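What follows is calculated from the coordinates using simple rules that are stated; it is not laboratory data. These numbers come from a predicted model, not from an experiment. Ideal geometry is used to build each Cβ from the backbone, glycine not excepted, and the neighbour counts take in all protein chains shown.
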Amino acid sequence: MKTIVFHIDQGKSIYDQVQDAASIIKSGGIVAFPTETVYGLGGNTFNEKAIKSIFQAKQRPADDPLIVHVSSRDMFSDLVSRVPESAVKLMDAFWPGPLTIVLEKSGKVPGTVTAGLPTVAVRMPDLDIALEFIRAAGVPIAAPSANLFERPSPTRAEHVLLDLDGRIDGLIDGGKTTIGVESTIVDLSRDKQVILRPGGIPRDFIEHVIGKVGLHESILKKQTSGKITSPGMHSKHYAPDARLVLVKGHGRALADRVNQLIDAKLKSVERIGVLVTHEPIERDDSVVVINLGTSAESIAKNLFDAFRKMNEKRVDTIIAEGTPESGLGLAIMNRLVKAATEIITV
Ligand code: TXA
Ligand code: MG
């Protein structure tokens, strides 16, 4: 199939420009679109054929449920059967925004969307293009990140094409996404409120609104143990092609260790890449150095793009500096830990 790309001109009406893409959704097709976090691959939540083609295009296992994207509270109400007070508080505080809420699903949501679970994950994205697209489609849009299974989530339209060109009906090109890591997923469907995946909204923001929330035990672990509540916790989820050595630490000690590692690896004539989150590292052209910035916002925004640049440069080993696990840093470290083949603490 030919993938039609719709380029968005920010100077013109967004609503007018998303009509053709929305028509594809209405007729059962699938379209990738930008959100404030990463690009999603969307289809009509109520059309099982469309949902199946999303799984097929991504080569995603059918046991990994999709997030449903809404443009209004009415659309949300249709999808869920029980809404606790905590969910209302979180929606008031953070919607539209990078927060996904897991609740008991209504009978309207097909089991293909939720991978057979009795719950559904819902969010309202904070980007005009996404909201107008959902409005124009007139239905909630189920959408996983628009990458092939086990590849980094796309933060640019080019990334989507690299993975899915010819496999999807359309792509709305809205440029680079602003946040760069996926939404925070909080499960409010049980008695205990738990963050299943850290993301764009930090844990302390959530706790400020609804009190204590737990963190799923696998968030900073390489392997999942026990029952998988959120299959996105499969260990190799956000990985670049190369081996990735994550180095945790700070200051001089961190920089020294990273430089040592580069020197050691260079001896075995590998192609090395370095992801820097502290002081800039300078090396000659034999090493691919990407400075991600030092703030969590900047690191999050550039991380997946950097993974893909390392793929492009055919790097064998990536040495990645860690960052503190507070605030947005928890989401960053979760992605890095899952991508890592080795973790060193200095
Ligand atoms: O920022 C985001 O969340 C992006 C954009 C496109 O909205 N979406 C995204 O979707 O990251 P995806 O499919 O790549 O990750 C969704 C995660 C998966 O790990 C899935 O297991 C989990 O959400 N999930 C979906 N429904 C769930 C449910 N009912 N219970 C628990 N986890 C669920
Ligand atoms: Mg994903």
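Asp173 sits among other residues whose Cβ lies under 11 Å from its own Cβ, and their net charge, with Lys and Arg +1 and Asp and Glu -1, is 0. When only alpha carbons are used to place a centre, the range 253-324 and the range 133-202 end up 26 Å from one another.
In sequence order, the range 296-302 has phi-based couplings of 4, 4, 6, 5, 4, 5, 9 Hz under the Karplus curve 6.51 cos²θ - 1.76 cosθ + 1.60, θ = phi - 60°, and Gly or Pro positions carry x. One decimal place: the segment Ser77-Asp285 gains 69.4 nm when fully extended, by the rule 0.36 nm per residue minus the C-alpha distance. For a paramagnetic label modelled at 7 Å from the Cα of His250 toward its Cβ, which residues of the range 266-310 fall within the zone defined by backbone nitrogen distances under 15 Å? Counting backbone N atoms under 15 Å from the label point, the list is 277-279, 294-296.
Here's the list of lysines a cross-link from Lys108 could span, going by alpha-carbon distance under 19 Å and ignoring same-chain residues fewer than 8 apart: Lys26, Lys49, Lys52.
Using only Cα atoms, tell me the angle between helix 329-339 and the longest principal axis of the chain; keep it within 0 to 90° and round to the nearest 10. The angle comes out near 80 degrees.
Axis of helix 85-94 versus longest Cα principal axis of the chain: the two differ by about 60°, to the nearest ten degrees. The Cα atoms of the range 1-153 cover 41, 34, 29 Å along the three principal axes, with the biggest extent listed first. Counted without the sites themselves, the longest stretch of the chain free of trypsin sites (Lys or Arg not before Pro) in a DSSP loop having at most 10 other beta carbon atoms within 10 Å is 13-191. Listed by chain and number, the aspartates and glutamates whose alpha-carbon sits under 17 Å from that of Lys192, ignoring those within fewer than 8 places in the same chain, are Glu85, Glu104, Asp204, Glu207, Glu217. Taking 17 Å as the straight-line reach from the Cα of Lys2, the lysines in range (excluding those fewer than 8 positions away in the same chain) are Lys58. Mean-square fluctuations from a GNM of the chain, with a 10 angstrom spring cutoff on Cα atoms, peak among Ser326, Ser153, Ser145 at Ser326.
Using only DSSP helix segments of four residues or longer, with each worth -39500 (n - 2.57), what per-residue ellipticity at 222 nm results for the chain after dividing by its residue count and rounding to 500?
On the way: 12 runs with 113 residues, N = 346.
Computed mean residue ellipticity for the chain: -9500 deg cm²/dmol.
Dividing the alpha-carbon radius of gyration of the chain by the rule-of-thumb value 2.2 N^0.38 Å gives 0.98. Footprinting exposure proxy ranking of Thr177, Thr119, Thr37, Thr345, fewest other C-beta atoms within 10 angstrom first, gives Thr345, Thr119, Thr177, Thr37.
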